Amino acid sequence: MKIGIEKISFHVPHLYVDMHDLAISRNEDPGKYKIGIGQDEMAVAPLTQDPVSLAANAALNIVTDEDREKIDFVMFATETGIDQSKAAAVYVHRLVGIKKEARSIELKHACYSGTASLQLAKGHIALNPDSKVLIVASDIARYGLNTPGEVTQGAGAVAMIVSSDPKVLELEDESTFVTKDIMDFWRPNYSEYAYVDGKFSNEMYIELFNDVWGQYKEKTGGTLDDFKALCFHLPYTKMGLKALRTILDEADESTKERLLENYTKSTLYSRRVGNVYSASLYLSLVSLLENADLEENGKLGLFSYGSGAVGEFFTARLVPGYKKHLLPETHDKLFNARKQISVPEYEAIFVQSLPKDGSTLELDVEEDPNKVCLAGIKEHQRQYVIK
Ligand code: HMG
């Protein structure tokens, strides 16, 4: 049986900051942000867009009534949880109109939980070939104003339908993984912001990539030349390149050129959004599929990294006709409709927060062009609207 991604789309907030402006206001050379880090724009989520609304907006791009009849599992991957108990998946289940005969759960492992969801979905479909799984990976990355991590913030969500009729990508069974208990990036319950050991996190990303790539070669006898493209978790777009460069010498010249060219295509969307944690690898996948010219049946390798840390390398094949099932126009429209804001406007949004004492807040959703918005908070409960 084939199992894989039938549909895939993403959603980002309607506001962004240009990285040139941010660099100037932080007394940095714009070259550092745009070339050294590799980011052009950073998505900014106002209070009316939280992880749930971003995820629901992404899912609404792909879920049809036919899917609603078959989806019996909603998985919500995030590290921007809004509740210690209630799963964010339950809100998405309602907002997207999934039938009641479904499981809904939230998964956490830093940026790895999108991949954990995909692998769990694969198992679910193997046991229930007539059903479908809706995966949403949604995050808002926050390090704080004037911090080294600020340039790697972002916000957005990816939605995927996994089924036994994969029209985009068929998942293969070749997968290698590793867990290592480290403190490279974490966010204690009491903190709004992530704590990060930036340099160490970069080293660990590369170390775990080399570990799972080594395991993959040993397990399968595969080589880099087998791959049309490699896709990476992108905390910032230079990161995957640093990892890729550590193994490029294993490839012949034409493979090197192909992998580098396709790597660049996989980073186009992330350059305009920033880190979306659990969704980052999948935003890079959509960018690759929509911008590169890849052969049908071509093999892709995907590297997922979640701080703390877990790394996984897995492979997939492009399904013949996959281009017809992508949504480049939707995504183009989404990017083109965004509004650029100044650094002071971004800073003003950044410091806003929802009440934590049970008081009521009504938000102005008229200003927000997105279909699903957070309209406020009442009695400690988030109020969502579908426009
Ligand atoms: P930094 O220390 O400010 O930057 O922080 P830097 O001094 O290392 O410079 C960055 C690059 O810009 C360097 O290039 C410079 O040479 C270059 P590199 O040596 O890295 O190739 N540069 C310039 N280039 C062109 N023109 C110039 C110029 N000036 C300098 N004028 C850091 C960078 C990434 C550490 C920081 O932003 C940070 O801490 N970010 C957050 C942590 C992070 O993203 N870690 C990535 C790996 S961990 C991960 O992926 C997991 C994560 O997604 C979380 C999760 O799993 O949930 C984060």
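Details
- Restricting attention to the stretch 188-214, the residues that are within 8 Å of the ligand (Cβ to nearest atom) and open to solvent by less than 70 Å² (accessible area, probe 1.4 Å) add up to 7.
- All strands (runs of 3 or more DSSP E) inside the stretch 89-169 with 3 or more residues being closer than 30 Å to Ala23 by Cα and either open to solvent by less than 10 Å² (accessible area, probe 1.4 Å) or modelled with pLDDT of 95 or more (or both): 132-141, 154-163
- Pairs meeting the criteria (first residue in the stretch 31-53 and closer than 22 Å to Leu268 by Cα and open to solvent by less than 20 Å² (accessible area, probe 1.4 Å), second residue of a type in the set (Phe, Trp, Tyr) and outside any loop (DSSP other than H, G, I, E, B), beta carbons under 9 Å, at least 6 apart or on different chains) are Gln39/Tyr33; Met42/Tyr16; Met42/Tyr346; Ala43/Tyr16; Val44/Tyr16; Val44/Tyr346; Val44/Phe350.
- Residues within the stretch 170-192 that are among the hydroxyl-bearing types (Ser, Thr, Tyr) and not in a loop (DSSP other than H, G, I, E, B), tallied: 3
- Looking across the stretch 231-285, the residues that are more than 25 Å from Asp18 (Cα to Cα), open to solvent by 30 Å² or more (accessible area, probe 1.4 Å), touching a residue at least 24 places away in the same chain (Cβ under 8 Å) and part of a helix (DSSP H, G or I) come down to Glu250, Arg258.
- Within the stretch 332-346, restricting attention to residues that are open to solvent by 50 Å² or more (accessible area, probe 1.4 Å) and not in a loop (DSSP other than H, G, I, E, B), the residue that is farthest from Glu367 (Cα to Cα) is Asp332.
- Cβ-Cβ under 8 Å pairs, at least 6 apart or on other chains, the stretch 193-206 side hydrophobic (A, V, I, L, M, F, W, C) and modelled with pLDDT under 95, far side within 9 Å of the ligand (Cβ to nearest atom) and open to solvent by less than 40 Å² (accessible area, probe 1.4 Å): Ala194/Ala141; Ala194/Tyr143; Ala194/Gly149; Ala194/Phe185
- Neighbours by Cβ (under 7 Å, 6+ apart or cross-chain): first from the stretch 138-159, among the aromatic types (Phe, Trp, Tyr); second buried (at least 20 other Cβ atoms within 10 Å of the Cβ) and at pLDDT below 95: Tyr143/Ala194
- For the stretch 170-187, taking the residues that are open to solvent by 40 Å² or more (accessible area, probe 1.4 Å) and touching a Lys or Arg at 6+ places or on another chain (Cβ under 8 Å), the one that is farthest from Leu334 (Cα to Cα) is identified as Glu174.
- Among the residues of the stretch 240-260, those identified as under 20 Å from Ala292 (Cα atoms), within 16 Å of the ligand (Cβ to nearest atom) and hydrophobic (A, V, I, L, M, F, W, C) are Leu241, Leu244, Leu248, Leu260.
The values are calculated or read from the model by the stated rules, or taken from the named source; none is laboratory data. None of the values given here were measured: they were computed from a predicted structure. FYI the Cβ positions are ideal-geometry reconstructions off the backbone, even for glycines, and counts take in every protein chain you see. We work out accessible area using only protein heavy atoms, side chains counted, and drop any ligands, DNA or RNA first. Shrake-Rupley method; radii C 1.70, N 1.55, O 1.52, S 1.80 Å.
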